[in-house]
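Novice: Below you'll find the structure I mean.
The values are calculated or read from the model by the stated rules, or taken from the named source; none is laboratory data. Predicted, not measured: the structure shown is a model, and the values here were computed from it. In this analysis, Cβ positions are derived from the backbone assuming ideal geometry, glycine residues included, and neighbour counts consider all displayed protein chains.
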Amino acid sequence: MSKIIQKSLQSVMKDDVLNRPNYDGFVVIGAGLPRTGTTSIRSALATLLNGSCYHMMCVAEGTRVEEDFWLKALNREIKSDEEWRKFFEGRGYRAGVDFPVSFFYRDMLRAFPKAKVILTVRNPETWYKSVRETIYEGNKKTKDFAVRLFMQIAGKTNLVEVIDRTAWEPAEGATKGVLVAIDEGLESSIDFFQQWNNSVRKTVPKERLLEFDPKQGWSPLCEFLGVPVPDIPFPRLNDTKDMNRKLAGLSALAYSVVYGLPILLLMVLLYFFYF
């Protein structure tokens, strides 16, 4: 039963960006906060670097390997840069964006001293609205009894912990967690957003850093990476719509398993008892 539930969960959380391992090295660290166009730039980097780009969706759709590694990182139990390199380069990743990668961008700077860094940016008020309507509301749904029980049945309690902790705990150099700021309102969120970006600017050497708004398209990104501009449109993925679809699917699946199966079982028992 547990394996069937896990398969159903993987189907709901299916990652739409093609993963294609490439062992030429990990060369780009995304330091931008979630909801700054990370899904679009992930797809763009996968094209430009001809390889996989890590993202929170890799954690959500992945196995215990993902969950265990990030819990280890959150508990400050990664003892060497080699562990970071093995996790990414050893599995064919060329880049990484979004949390949990950007949550640990300082550690990754040390582990990948030649990697370039991309700070994805957007209007801070728009960012606040986007995070509140997706990650914040989605996190509230994971507190629902049915969803929590379902994730436990599916063996995904570690996944929930990774998502919760990267959302609510402060990353190195930050004063608070991203959802703490969102919970406090617009003013606190804008302040958090600006502090995060300023911290990245101070931490990353200028020659290794690109501030990038996905609205700019291919040109600045390709120039920064030293690669030709592709003859295809820059990916502009509606990850808000996709995230909400997946969250709705997760809730529906959780309620079906937690409440629907017991009712079905009871009906079957009553049928055999009375007929």
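Novice: Out of the residues in region 163-196 that are of a type in the set (Val, Ile, Thr), at pLDDT 95 or above and under 20 Å from the mean Cα position of the chain (by Cα), which is farthest from Glu66 (Cα to Cα)?
Specialist: Once the filter is applied, the top-ranked residue is Ile182.
Novice: Thr126 passes all but one of (1) at negative phi; (2) touching a Pro at 6+ places or on another chain (Cβ under 9 Å); which number fails?
Specialist: With respect to (1) at negative phi; (2) touching a Pro at 6+ places or on another chain (Cβ under 9 Å), Thr126 is out only on (2).
Novice: Can you tell me which residue among Ile135, Ile163, Ile153 is more than 28 Å from Phe193 (Cα to Cα) and surrounded by 15 or more Cβ atoms within 10 Å (Cβ to Cβ)?
Specialist: Working: Ile135 fails: more than 28 Å from Phe193 (Cα to Cα); Ile163 fails: more than 28 Å from Phe193 (Cα to Cα).
Among Ile135, Ile163, Ile153, only Ile153 is more than 28 Å from Phe193 (Cα to Cα) and surrounded by 15 or more Cβ atoms within 10 Å (Cβ to Cβ).
Novice: Say we look at region 1-46 and pick out the residues that are outside any loop (DSSP other than H, G, I, E, B), hydroxyl-bearing (Ser, Thr, Tyr) and more than 19 Å from the chain's Cα centre (by Cα); which of these is modelled with the highest pLDDT?
Specialist: Ser2
Novice: If I go through region 69-92 residue by residue, how many of them are within 21 Å of Gly155 (Cβ to Cβ) and either touching a residue at least 40 places away in the same chain (Cβ under 8 Å) or in contact with a Gly (Cβ under 6 Å, 6 or more places away or on another chain) (or both)?
Specialist: The qualifying residues number 3.
Novice: Follow-up question, since we're still on this one. Being within 23 Å of Arg132 (Cα to Cα), in a helix (DSSP H, G or I), at pLDDT 95 or above and of a type in the set (Ser, Thr, Tyr) is true for just one of Ser251, Ser199. Which residue is that?
Specialist: Values: Ser251 fails: at pLDDT 95 or above.
Being within 23 Å of Arg132 (Cα to Cα), in a helix (DSSP H, G or I), at pLDDT 95 or above and of a type in the set (Ser, Thr, Tyr) holds for just one of Ser251, Ser199, which is Ser199.
Novice: Still on this structure, please answer the following. Residue by residue through region 61-83, note down the ones that are within 21 Å of Pro21 (Cα to Cα) and out of contact with any Leu (no Cβ under 7 Å at 6 or more places or on another chain). Working first, answer last.
Specialist: If we filter region 61-83 for residues that are within 21 Å of Pro21 (Cα to Cα), which is where we start, we get 61-70, 81-83.
Those that are within 21 Å of Pro21 (Cα to Cα) and out of contact with any Leu (no Cβ under 7 Å at 6 or more places or on another chain): Glu61, Gly62, Thr63, Arg64, Val65, Glu66, Asp68, Phe69, Trp70, Asp81, Glu82, Glu83.
Novice: Are any of the residues in region 77-100 of a type in the set (Lys, Arg), at pLDDT 95 or above, in contact with a helix residue (DSSP H, G or I) (Cβ under 9 Å, 6 or more places away or on another chain) and crowded, with 20+ Cβ neighbours inside 10 Å?
Specialist: yes
Novice: Let me ask something else about it. Show the residue pairs meeting these rules: Cβ distance below 7 Å; 6+ apart or different chains; first residue within region 93-117 and closer than 18 Å to Glu207 by Cα; second residue at pLDDT 95 or above and of a type in the set (S, T, N, Q).
Specialist: So the pair list comes out as Arg106/Thr203.
Novice: Inside region 46-68, can you point out the residues that are closer than 24 Å to Thr157 by Cα, among the hydrophobic types (A, V, I, L, M, F, W, C) and either buried (at least 21 other Cβ atoms within 10 Å of the Cβ) or in contact (Cβ under 8 Å) with a residue 24 or more places away in the chain (or both)?
Specialist: Answer for region 46-68, where residues must be closer than 24 Å to Thr157 by Cα, among the hydrophobic types (A, V, I, L, M, F, W, C) and either buried (at least 21 other Cβ atoms within 10 Å of the Cβ) or in contact (Cβ under 8 Å) with a residue 24 or more places away in the chain (or both): Met56, Met57, Cys58, Val59, Ala60.
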